[in-house]
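A short reminder: the numbers here are calculations on the coordinates, not readings from a lab. Note that the structure is predicted; figures quoted are calculated from it, not measured. A quick note on method: Cβ atoms are made from the backbone with ideal geometry, for glycine too, and the neighbour counts reach across all protein chains shown.
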Amino acid sequence: MNYIQTLNHFSKQHVRKMGRAQPEAAIQRAVIQHLHIRGAPHLVFVHVPNGGKRPRIEAAILKSMGVRAGASDLLLWHDHKFFALELKAPRGRLAESQQKFLDDMETAGGNVAVAVGLDDALRILERWQLLRGCLS
């Protein structure tokens, strides 16, 4: 087993073990592990922590500071290109605000995708040439 297959094996174990309560969070953690280890040189990525319930005042303050509903789970920049990746668990659904964000990113010239599960996310990142090596 090469290092990519080993990393993928442990990532899948993590998703199975930790993903019962928050499957999308477990998928995201596994993707982040791959990005840290296999990410292309000079890749920049960030997760925008938009989720969760907040008191009204805090939500209003964040909105006035530019927080946008539906921002993708991962925003990535590499080689003068930008990417938005929305991660979904197998039964997850895309919210209207998430689709709007992806549409706006694409209109602005970005590369966008919705990944269902870990394998799909890794294939997309490999196709975008943001991960070194290949699972297959």
Order these peptides, 69-78, 48-57, by their mean beta-carbon neighbour count within 10 angstrom, highest first.
-> 69-78, 48-57
Using 7 Å Cα-to-Cβ label points, what is the Glu58/Trp77 separation (nm, one decimal)?
-> 2.8 nm
Taking amide hydrogens as modeled 1.01 Å from N in the peptide plane, which residues meet the under 5 Å criterion relative to Arg132, leaving out close sequence neighbours?
-> Gly39, Ala40
Residues with beta-carbon under 11 Å from that of Val112, excluding Val112: net charge, scoring Lys, Arg +1 and Asp, Glu -1?
-> -4
